[in-house]
Amino acid sequence: MEFGDRHRDRSLLVLEALRSRLAQSGDRFSLTVVDNAGASGALTCPGFDEAVLVPGDNSNREFSGWDSGVKALLGRAEAPDVWIFSNDTVGSNHAWSERRLQHFGGEIRKLALHSGPWLFGEINDFPRSTMTPLGPLLEWVATYCFAMNDTLRRKLGTLSPDNALLDSLVNERYEAGRGLFREHVDAAYVDFVSAWLIGDERESHDKKRRFKWDHEWHKASPLGTHNFEDLRMKARCCLSESMLSVRARQLGADIRSPYDARNAREHVRRSMQFLADKLWEKFLLRRMRLERS
């Protein structure tokens, strides 16, 4: 999913590399690039049996865009067993080492044999159980790159919640002293998401203390009239992301990450893999930024 083709080449490099780690004899891969800026046409992408560019729906950014892509793919009489979704930050705000690609590809291959509903991706967690608008949540799957099987996709219906529901959870316009979310949304949830979206250097130490992290959304800035609509729409995406994991759990889905472990030895090995991948990501991102500057 993209908005314009600025990050397309980098994103396709990641997806083509991930496809090669997934491919087994008899597999078939289709690629649908959804442009929420409205472009359409044919694409040539090595390794994919079919690749098309279709116009998307930007009413809920990537989530409504992905739903447009699903509809377009199903409209071509495709019937995927496994769906992999990404947005256009997959190759620009994230970096992928060879080992990280292997971890993702290997786990998706294993999950592909599981007939029950499943959702896969990197897992983030709240500092404590937090009440989302659809129910309590401890952890959620990051949606810059994630996967699910068709069993779950059918049960979900759409990846994007209804726009009317999302609008009922965020404020319509900027007012001094009011934040992004309406008053009935759980305060702990609002605090966590707002700290990620709204940048304020004075609160950096407080963020470390409360959430055990100090990073922010790459476009985080103090809330005001100039950026309220952009932050409001991003808040709707945060809601959509966390509610996707809630909905998947409510539908009985197994939720997995490439770093899950079920015994002591594997836990040590996967923890080391996670740390190594994150260190490589920092190194690769630094190199990517130097190349762009």
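The shape of region 1-73 can be summarised by an equivalent ellipsoid whose semi-axes, obtained from the alpha carbon gyration tensor, come to 22, 13, 11 Å from longest to shortest. Seen from every direction in turn and averaged, the convex hull around the alpha carbons of region 24-149 projects onto 9.8 nm².
Against the set [x] 41, 20, 16; [y] 29, 23, 21; [z] 40, 25, 18, the structure's computed semi-axes √(5λ) of the Cα gyration tensor in Å falls on [y]. Quick one: compute a quarter of the convex hull surface over the Cα atoms of region 135-267 and quote it in nm². The directionally averaged projection comes out at 10.1 nm².
If you take the Cα centroid of region 1-50 and the Cα centroid of region 75-131, the two points sit 15 Å apart.
When +1 charges are put on Lys and Arg Cβ atoms and -1 charges on Asp and Glu Cβ atoms, the dipole computed for the chain relative to its Cα centre reaches about 900 debye. At a probe radius of 1.4 angstrom, the accessible area of the chain per residue rounds to 52 square angstrom. Under the simplified labelling scheme, the residue 293-residue 268 pair shows an inter-label distance of 4.0 nm, with each label point 7 Å from Cα along Cα→Cβ. For every helix of n ≥ 4 consecutive DSSP H residues, a contribution of -39,500 (n - 2.57) applies; sum these over the chain, divide by its total residues, and give [θ] at 222 nm rounded to the nearest 500 deg cm²/dmol. Helices in the chain give a 222 nm mean residue ellipticity of -14000 deg cm²/dmol. Applying the Karplus relation 6.51 cos²θ - 1.76 cosθ + 1.60 with θ = phi - 60° to region 218-232 yields 3J(HN,Hα) values of 5, 10, 4, 7, x, 6, x, 5, 6, 10, 4, 5, 5, 5, 4 Hz, where x marks Gly and Pro. The C-alpha atoms of the chain define a longest principal axis, and helix 187-197 lies at about 70 degrees to it. Taking the average, over residues, of other Cβ atoms within 10 Å as the packing measure, peptides 261-273, 222-234 rank 222-234, 261-273 from highest down. Surface calculation, 1.4 Å probe, protein heavy atoms: residue 282 sits at approximately 130 Å² accessible. Surface composition of the chain: carbon and sulfur make up 51 percent of the accessible area, probe 1.4 Å. Label separation (residue 171 vs residue 125): 3.3 nm, computed from points 7 Å beyond Cα along the C-beta direction.
The values are calculated or read from the model by the stated rules, or taken from the named source; none is laboratory data. All values derive from a computational prediction rather than experimental measurement. All Cβ positions, glycine included, derive from the backbone under ideal geometry; neighbour counts span all protein chains shown. These area figures cover heavy atoms from the full protein model, side chains too; ligands, DNA and RNA do not enter into them. Shrake-Rupley method; radii C 1.70, N 1.55, O 1.52, S 1.80 Å.
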